[in-house]
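Q: One structure follows; several queries about it will come next.
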Amino acid sequence: MVDPLAAAPAPAPAPAPGLDPGRLRRLQLAGIASGFTAGAWLGAAEAPTKMVTLGLSPVVISLAMVLGVFLARWSLPALLRGTAAIGADVRQAPHLIVWAVLAGCLWAVANTLTIFAIRDIGLSIAFPLWNANSLLGIVWGAVFFNELHGAGWGRRVGVLGGAVLMFGGATLLAVASSAGAPGGHAARGVAAALAAGALWGTMYIPYRKAYLTGMNPLAFITFFTVGEVVMMLALALADRGGVAALAADLVGARDVLFWLLLGGFVWVVGDLFQQYAAKYVGISRGIPLSNTNQLWGLVWGLLAFGELRGGAATTYGQVIGGSLLMALGAVAIALASATGAEHRRWQEAATREGDRYGIDPAYVRAALAGESASVSPSRRSWVDWALVGGATATIVGFGMVARVPQLTLGWGWVAGLTAAMLALLAGTGRLLWSTTRFN
């Protein structure tokens, strides 16, 4: 005889409680601001890759930038949060180390492809093409992480309509590239830029897995760089034909390595804000927001570096019109912010991820709310200061032997753009600190 109590179905789990609406709005605002700030810094980070026009190998440029990325990814988290807090995150979700390394490998290959694209079609054209990663971000966010689930039709139309606008802008820029390619290899440059976008779009899957299950962005990027360095070193050795040839190239470029290291460092600042955008507004919204770097790339390319100077008026119209169209798409996506109902679906995805890997539910819930489940140390250890000091000394050392490259620059624009970037850094950094304490 079957016990009726034993045969009774288990009660359905209670729905995840939603965040306080005010708290949700503050987190969304922090995520949106992070996305736009990421765009400014990611756009500026690509400026040093113009040195490919000086005859440096694209893989040597990419390797030097990755070394700058490595310095920043270990020193900034140590300064802002401390290695002890990073270690606590890793103990909660050790499986995410593998995902971080994988994401770093994808980034290294994509970054190298962008340098080939810049060489063949120029910075102002290549930027929006690889930013087609926004389309993949929307797809992966909806398929794997319940983004847009529970959102009203208006918000879905905003996100999808924005994606269509961005695709239209990319198409205009691809057409313009046939007239504006500096090296006469438009098809190759377009292919490299689109391939980079595909890799970066896929890279955001590990991002979202990490932040749904609670890992702090400052901890995730620390291990992300391991994959970057290993993959980039392998690519550089294969391309240059061994250690001796690669070392000779680096020694030959020693007087401009500072600018490439600086580019990598600037990129990390932008990527860190992109990580917070992905965490608080999701990859379907955060990635398009950070892809406003296309406008910054347009300004750096056209005004600071004089790209397309002397080109036909129709080419200028296609480049500027395509970039603005893509930017309008990003704005539409940003305005379609997540509602409480959609955020609860995110919580369901977070619970699923937490159950899969056996993560403490309290840790997962706290991270979604922008809070810390553990107390972070208030003081930095000697290890933290050693990391910060070592990175600073390395960059200063290369700066002492650096020379200004022979590039035609609009220094007034360089100064103005730099001031705007610093203002965004200060404002958004303060907002993140007051809202989340960088959690």
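Q: Could you look at the stretch 82-156 and say what percent of its accessible area is carbon and sulfur, using a 1.4 Å probe and all protein chains? Let's see the in-between values first.
A: Details: 1760 of 2380 Å².
Here carbon and sulfur together make up 74 percent of the probe-accessible area.
Q: Please go through the stretch 261-352 and write out the trypsin sites (Lys or Arg not before Pro) that DSSP classes as loop and that have at most 12 other C-beta atoms within 10 Å.
A: ARG309
Q: Now a separate question. How much area per residue is accessible in the chain when the probe is 1.4 Å and only protein heavy atoms are counted (Å²)?
A: Normalised by residue count, the accessible surface of the chain is 40 Å².
Q: Please report the spacing between the Cα centers of the stretch 21-36 and the stretch 74-103 in Å, no decimals.
A: 23 Å
Q: For the stretch 256-314, take the convex hull of the Cα atoms, compute a quarter of its surface area, and give me that in nm², please. Walk me through the numbers on the way to the answer.
A: Working: hull surface 22.6 nm².
Taking the Cα atoms of the stretch 256-314, their convex hull projects to 5.7 nm² on average.
Q: Below 8 Å, C-alpha to C-alpha, sequence gap of six or more: please give me the relative contact order for the stretch 201-337 in percent.
A: Relative CO of the stretch 201-337 lands at 25 percent.
Q: Under a GNM of the chain (C-alpha, springs under 10 Å), which listed residue has the highest mean-square fluctuation: ARG23, ARG188, ARG356?
A: ARG356
Q: If the viscosity is 1.567 mPa s and the temperature 4 °C, what Stokes-Einstein diffusion coefficient in µm²/s follows for the stretch 142-290 when Rh is the Kirkwood radius over Cα pairs? Don't jump to the answer; show the numbers that get you there.
A: Working: Rh = 18.5 Å.
Once the numbers are plugged in, D ends up at 70 µm²/s.
Q: Take the Cβ-Cβ distance between LEU250 and ASP360 as r, set R0 to 35 Å, and report the resulting FRET efficiency rounded to the nearest 0.05.
A: 0.20
Q: Tell me, what is a quarter of the convex hull surface for the C-alpha atoms of the stretch 318-439, in nm² with one decimal?
A: One quarter of the hull surface, i.e. the mean projection, equals 13.6 nm².
Q: What number in nm² do you get for the stretch 333-397 if you take the convex hull of its Cα atoms and divide its surface by four?
A: Its average projected convex-hull area is 8.3 nm².
Q: Which FRET efficiency value, to the nearest 0.05, do you get for MET400 and ALA187 by plugging their Cβ-Cβ distance into 1/(1 + (r/R0)^6) with R0 = 41 Å?
A: 0.45
Q: Would you look at the GNM of the chain, springs on alpha carbons closer than 10 Å, and say which of PRO21, PRO361, PRO128 moves the most?
A: Result for the chain, Cα springs under 10 Å: PRO21 fluctuates most.
Q: Could you grab the Rg to Rh ratio for the chain? Cα atoms only, Kirkwood for Rh.
A: In the chain, Rg relative to Rh is 1.00.
Q: Using only the C-alpha atoms of the stretch 230-378, find the volume of their convex hull and express it per residue in Å³.
A: Per-residue hull volume (Cα only) is 225 Å³.
Q: On full extension of the chain, what length is gained from ALA419 through PHE167, given 0.36 nm per residue of separation minus the C-alpha to C-alpha distance?
A: 87.6 nm
Q: Using Cα springs under 10 Å in a Gaussian network model of the chain, which residue among GLY39, GLY241, GLY264 shows the largest mean-square fluctuation?
A: So, out of GLY39, GLY241, GLY264, the one fluctuating most is GLY241.
Q: Now a separate question. If you plug each phi of the stretch 150-164 into the Karplus form 6.51 cos²θ - 1.76 cosθ + 1.60 with θ = phi - 60°, what whole-Hz ³J(HN,Hα) values come out, in order, with x for Gly and Pro?
A: Each residue of the stretch 150-164 in turn: x, 7, x, 5, x, 6, 5, 5, x, 5, 5, x, x, 5, 5 Hz.
The values are calculated or read from the model by the stated rules, or taken from the named source; none is laboratory data. Computed from a predicted structure; not experimentally measured. For neighbour counting, all protein chains shown are included, and Cβ atoms are generated from backbone atoms with ideal geometry for every residue, glycine included. Calculation scope for accessible area: heavy atoms of the full protein, side chains included, ligands and nucleic acids excluded. Shrake-Rupley method; radii C 1.70, N 1.55, O 1.52, S 1.80 Å.
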